[in-house]
Amino acid sequence: MDYDGCDHLFHNPEVGPKLMEMIDGSTWAKDFSEDDVMCLCTFMRLCHFAKDSVIFSEGDPDDSMAIILEGSIEITKRDSSPDHKPKCLVRIGAGRAFGEMALIEGPPRSATARALDDVTLLMLGRKDYEALCEKNMRLALKVTTNIARLMSFRLRNTSVKLVEYL
């Protein structure tokens, strides 16, 4: 059975239990009830990436964000040297979200995401986010608030690192 983008995604044995764990332990999902997660699953799709796969590349026209259900990823950005070497910005694992800038701002991608091991992701695309906003404003506000918190946290961390170089 294909669970992508259907209301049964939450009941997928690969997804449901991991989401319930995230409600209890993840910063991303801590404000969500089980009903919120079930509803949100109707707007998301399940994606798998093998170890070392590129999930998206810097400059890609993709506009989705992801929540890691299983595995870990590395986010890199090309530096300004002539050969544009990729520099690791962060490595993150299960329960963490990434790609939210493209969801909010739109493309292009500002960095590259690569699977460090086999990864299972829940993806929320811009069109599905807009449909969520139309159909369930209360839940959309929770999602948007969590995205704002995540971006604020990352900005604060970047500021701390930046001040070391000033």
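Among the residues of segment 127-152, those that are under 13 Å from the mean Cα position of the chain (by Cα) and either open to solvent by less than 10 Å² (accessible area, probe 1.4 Å) or closer than 21 Å to residue 18 by Cα (or both) comprise 143, 146, 147, 150.
The selection criterion, being of a type outside the set (D, E, K, R), assigned to a strand (DSSP E or B) and touching a strand residue (DSSP E or B) at 6+ places or on another chain (Cβ under 7 Å), holds for residue 46. Do any residues in segment 31-45 that are in contact (Cβ under 8 Å) with a residue 40 or more places away in the chain have Cβ atoms under 8 Å from those of residues that are part of a loop (DSSP other than H, G, I, E, B) and among the β-branched types (Val, Ile, Thr), where the two are at least six apart or on different chains, and which pairs are they? Hits for this filter: 41/15. Report yes if some residue within segment 70-78 is in contact with a helix residue (DSSP H, G or I) (Cβ under 8 Å, 6 or more places away or on another chain) and in a strand (DSSP E or B); otherwise report no. Yes, segment 70-78 has at least one match. Taking segment 93-134 as the range and being modelled with pLDDT of 90 or more, of a type in the set (Asp, Glu) and out of contact with any Phe, Trp or Tyr (no Cβ under 9 Å at 6 or more places or on another chain) as the test, the residues that pass are 100, 117, 130, 134. Among the residues making up segment 96-110, those that are surrounded by fewer than 21 Cβ atoms within 10 Å (Cβ to Cβ) and among the hydrophobic types (A, V, I, L, M, F, W, C) are 101, 104. Does residue 74 qualify as being open to solvent by 20 Å² or more (accessible area, probe 1.4 Å) and acidic (Asp, Glu)? So residue 74 does not fit the description; no. Within segment 120-143, the only residue that satisfies the criterion of being β-branched (Val, Ile, Thr) and within 13 Å of residue 36 (Cβ to Cβ) is 143. Only a single item in (1) surrounded by 13 or more Cβ atoms within 10 Å (Cβ to Cβ); (2) charged (D, E, K, R); (3) in contact with a strand residue (DSSP E or B) (Cβ under 9 Å, 6 or more places away or on another chain) is not met by residue 63, and it is number (3).
Scan segment 77-95 and tell me whether some residue there is over 23 Å from residue 161 (Cα atoms) and open to solvent by less than 70 Å² (accessible area, probe 1.4 Å). Yes: one or more hits.
Looking across 116, 124, one residue alone is surrounded by 14 or more Cβ atoms within 10 Å (Cβ to Cβ), touching a strand residue (DSSP E or B) at 6+ places or on another chain (Cβ under 8 Å) and either under 22 Å from residue 43 (Cβ atoms) or basic (Lys, Arg) (or both). It is 124. Restricting 31, 24, 4 to those that are at pLDDT below 85, open to solvent by 50 Å² or more (accessible area, probe 1.4 Å) and in contact with a strand residue (DSSP E or B) (Cβ under 8 Å, 6 or more places away or on another chain) reduces the list to 4. Scanning segment 126-166 for residues that are free of Cβ contacts under 8 Å to residues at least 40 places away in the same chain, assigned to a helix (DSSP H, G or I) and among the acidic types (Asp, Glu) returns 130, 134.
The values are calculated or read from the model by the stated rules, or taken from the named source; none is laboratory data. What you are looking at is a predicted structure, and each value in this text was computed from that prediction instead of being measured. When we count neighbours, we look across all protein chains shown, and the Cβ atoms used for this are built from the backbone with ideal geometry, even at glycine. When the accessible area is computed, the model is the full protein with side chains, heavy atoms only, and any ligands, DNA or RNA have been set aside. Shrake-Rupley method; radii C 1.70, N 1.55, O 1.52, S 1.80 Å.
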